[in-house]
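First up is the structure itself, then whatever we jot down about it.
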Amino acid sequence: MHQGLPGQQPYAPAVPRGDAVRTELLVRVGRGDEAAFAALYDEVADEVYGVAKRIVRDAHLSEEVTQEVLVEVWRRSPRFDPALGTATGWILMISRARAVDRVRSEQAHRDRHAAHERRAAHVDHAPDERVERRLDRERVRQALAQLTDLQRSAVELAFYGGHTHTEVAQLLDIPLGTAKTRIRDGLIRLRDALGVGE
C-alpha cells in the first residue's frame, strides 16, 4: 500500500498539469479499463523512462525498466488510493524503486561474474582440460539451441543472468508458475540433449 512517514505525503507533493486526468485514468485502470491503461501509458511512459535513465544510466536497461514499471502499474492499480497522493507521484515512486532494484541486480551480476573470473584466473588448467571445457561449452550452446525460444529465454535469464524465478517471470511478463515451468522443462531438455545421467 502507499505508506509514507507519519505526517508526510507518501507521493510527490507537486501536482503536475494534467495530473487530475492521470489520476482519473489510473482509477479506471484499477477497474480493468484497458483503454484507460493505453492512455495512461502514453501520458507517463516518457517520464518513467526519464526517471529510469537517471538512475540506471543505460538506454536499453532503462527501456526494460520502463516496461516493467508500466506492467507493475497495471497490476497494482487497484491498490492506488487518490486520497493518499497523485497518480504521477505514485507511478514515479514505483519507477524509482524498480530502477534502483535493477541497478542492484546488475551490480550483483557483475560482482558474481568478476568473482568467477578471479577464481578462473587462479586455476592453472592443463591444455587437455581447456580443450574439454571448450567442447563442453559448445555442447551446452548446441543444447540451448534445441530449446524453444521461450524455454531458452527463461533458462538464460535464470542461469546466465542470475535472476530468480520471480525476476524471470517479471522480465518475461509471465505468471510465476509459467516461468518455473519453462525453466524446469528447459532444464529437462538440456539434460536430455547433453546426455546427463546416461
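The values are calculated or read from the model by the stated rules, or taken from the named source; none is laboratory data. On a predicted model such as this, the values are computed, not experimentally measured, just so you know. Don't worry about glycine lacking a Cβ; one is built from the backbone with ideal geometry, like all the others, and counts go over all protein chains shown. What goes into the accessible areas is simple: the full protein's heavy atoms, side chains included, and nothing from ligands, DNA or RNA. Shrake-Rupley method; radii C 1.70, N 1.55, O 1.52, S 1.80 Å.
What the table below lists for this structure:
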read-out	value
Pick from the stretch 60-83, criterion out of contact with any helix residue (DSSP H, G or I) (no Cβ under 8 Å at 6 or more places or on another chain) and of a type outside the set (D, E, K, R), ranking: most open to solvent (accessible area, probe 1.4 Å)	HIS60
Out of ALA115, ALA99, ALA45, ALA52, sole residue that is open to solvent by less than 40 Å² (accessible area, probe 1.4 Å), at pLDDT below 90 and in a helix (DSSP H, G or I)	ALA115
Total residues in the stretch 13-38, condition hydrophobic (A, V, I, L, M, F, W, C) and within 23 Å of LEU171 (Cα to Cα)	4
Residues located in the stretch 18-38, provided they are small (Gly, Ala, Ser) and open to solvent by 40 Å² or more (accessible area, probe 1.4 Å)	ALA20, GLY32, ALA35, ALA38
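Rundown of residues vs (1) part of a helix (DSSP H, G or I); (2) modelled with pLDDT of 65 or more; (3) in contact with a Ser or Thr (Cβ under 9 Å, 6 or more places away or on another chain), yes/no style:
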residue	(1), (2), (3)
ASP128	yes, no, no
VAL140	yes, yes, no
LEU144	yes, yes, no
LEU157	yes, yes, no
GLY162	no, yes, yes
GLU167	yes, yes, yes
